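The values are calculated or read from the model by the stated rules, or taken from the named source; none is laboratory data. Source: prediction; values computed, not measured. Here the Cβ is made from the backbone with ideal geometry for all residues, glycine too, and neighbour counts use every protein chain on show.
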Amino acid sequence: MNKKVVVLGILAVCLSISIGIGFSYAVWNQTEVQSGTNLFQSGCFSISYTDDNNIINFNNAYPIPDEKGMQQEAYTFTIKNTCNIYAHFSVNLEKLNTSTMDDQYIKLQLNNRRPMLYSAYNSVSTALDNTSSSRSLDFGGLEPETEKTYSLRLWIDNDATNGQVGGSTFQALISVVSTAAEPTGAEYIENLLATNTKTMANDDPDENVRYIGQDPNNYVTFNDELWRIIGVFYVKPSENGDYEKRIKIIRKDRLTSQLPWASSNVNNWSNASLQKLLNEGDYWQHTGDYEEIGLTDVAKNMIETTMWNLGGPSSSVVLAEQFYTVERSEIVYENNPKKWIGKVGLMYPSDYGYATGGEVYGRDSCLAKDLYGWSEGNFSNCKNNDWLYNANYAQWTLTPRSGYRDISFLVNSSGYGHSNNVNAIIGVRPVVYLKSDVKIIHDDNHIGSEKKPYELSI
């Protein structure tokens, strides 16, 4: 594949630990490396720094909690596509051969995302000399003359012991690998954010791009029906799979019948009757009561198997961000599974919360209010400016309530999030993640509106 490698900076983080005390530093230099024959001109990608000295200092480098790590001064840099063609890119952190510290002890925060261990990022091929391994911190695409800014923080994970990291070093290089290619469907949606800030946002803890507001242009034809795009999400196909960016869509309206979440009266999604119906029963098989509205072979070919998170809070009084965090945690009822691998699921409570646009109180005020309180007074504005809300019926979500064996969360027809017994008969709107290579057909006749929805191709 034709590629251009641009070394954005040199990161020499020397983490030397001795009796809990150490010192580390990083010096950043700009270098460009051309590799192979391609369409890129020399200097196609550029980088700019926020200051002149290009130095990050970490004093007293020893294991610290994430809260302190995120308070450290971040190093900021910007990459820009200066070519006249679209480019895919991957921002990588490549570990030098001289490093002796294990990847699992380095914590990293990119931009304002949730901190992750360096070892949790996707492993990719090295592009630079004298490096032993490389991990992709971010990936996507850039239109010509567009740019993206990053802030980076590094620290030693608080769970590391002196015996594990004492006297070791971590040295790495930041590189950007780019290739010329057409935008994927996920990249097309992501790139809309720059010019659609009133109907799109990326302010959840992983900076997933979402549609927000009362009625954004996120309609798409799928399964010979109207569905809507929730957004683009970092997800995995399995526990040990690589992160991908996939489009997540939801059926515009509920299925004909209202259904229980689990007829067994147990909030274990892996065995729930609704899960079985959607993934192997009549809905998936396009038979029985779902012969007219079940999934077609064309639709099923666009759906990717995905790892869905099954964590859930014990309380109903929860903010959208708190839902998001606990959904991805290991907080479940007793021995219930923490993850589920499958194709058809439901929206999360956090999806509903983050879809609000807010008008009177504003989006920030809505996100600062627990979903249970969205029917109170002026906060009803939050649900009225949320395209996932439907006043005609309640909607099941995927999230069980961890403090109870028979309770799961839903969005009420009054617009507030709460929980109910899994035997309750509630509206169901199937949700799927599309395959990474699914493309969005967009032109004057496909603008994402209800009358001119996007089309999909693969």
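Let's see how each residue does on (1) surrounded by fewer than 20 Cβ atoms within 10 Å (Cβ to Cβ); (2) touching a residue at least 40 places away in the same chain (Cβ under 8 Å):
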{"site": "F77", "(1), (2)": "no, yes"}
{"site": "F89", "(1), (2)": "no, yes"}
{"site": "R114", "(1), (2)": "yes, yes"}
{"site": "L117", "(1), (2)": "yes, yes"}
{"site": "T126", "(1), (2)": "yes, no"}
{"site": "S134", "(1), (2)": "no, yes"}
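Every condition in (1) at pLDDT below 90; (2) under 25 Å from S436 (Cα atoms) holds for L154 except the one numbered (2). The condition of being more than 20 Å from the chain's Cα centre (by Cα), surrounded by 18 or more Cβ atoms within 10 Å (Cβ to Cβ), more than 25 Å from N420 (Cβ to Cβ) and of a type in the set (S, T, N, Q) holds for N223. With the structure loaded, tell me whether E334 is surrounded by fewer than 22 Cβ atoms within 10 Å (Cβ to Cβ), on the phi > 0 side of the Ramachandran plot, of a type in the set (D, E, K, R) and not in a strand (DSSP E or B) or whether it fails that test. So E334 fits the description; yes. Number of residues in the stretch 409-427 that are within 23 Å of the chain's Cα centre (by Cα) and either modelled with pLDDT of 95 or more or within 19 Å of I229 (Cβ to Cβ) (or both) equals 3.
Meeting the requirement of 3 or more residues that are over 22 Å from E187 (Cβ atoms) and not hydrophobic (A, V, I, L, M, F, W, C), the strands (runs of 3 or more DSSP E) wholly within the stretch 64-147 are 131-142. Of all residues in the stretch 305-321, those satisfying the criterion of being of a type in the set (A, V, I, L, M, F, W, C) and over 22 Å from N279 (Cα atoms) are V317, V318, L319, A320. Restricting the stretch 260-274 to residues that are touching a strand residue (DSSP E or B) at 6+ places or on another chain (Cβ under 7 Å) and buried (at least 18 other Cβ atoms within 10 Å of the Cβ), which is nearest to S402 (Cα to Cα)? Only one residue fits best here, namely N267.
Residue-by-condition table, conditions (1) in contact with an Asp or Glu (Cβ under 8 Å, 6 or more places away or on another chain); (2) more than 15 Å from T397 (Cα to Cα); (3) in the same structural domain as D437 (by TED's automatic domain parsing):
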residue: S273; (1), (2), (3): no, no, yes
residue: K276; (1), (2), (3): no, yes, yes
residue: D282; (1), (2), (3): yes, yes, yes
residue: T287; (1), (2), (3): no, yes, yes
residue: I293; (1), (2), (3): yes, yes, yes
residue: T296; (1), (2), (3): yes, yes, yes
residue: I303; (1), (2), (3): no, yes, yes
residue: T306; (1), (2), (3): no, yes, yes
residue: P313; (1), (2), (3): no, no, yes
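Of note, S402 satisfies the criterion of being among the small types (G, A, S), out of contact with any His (no Cβ under 8 Å at 6 or more places or on another chain) and assigned to a loop (DSSP other than H, G, I, E, B).
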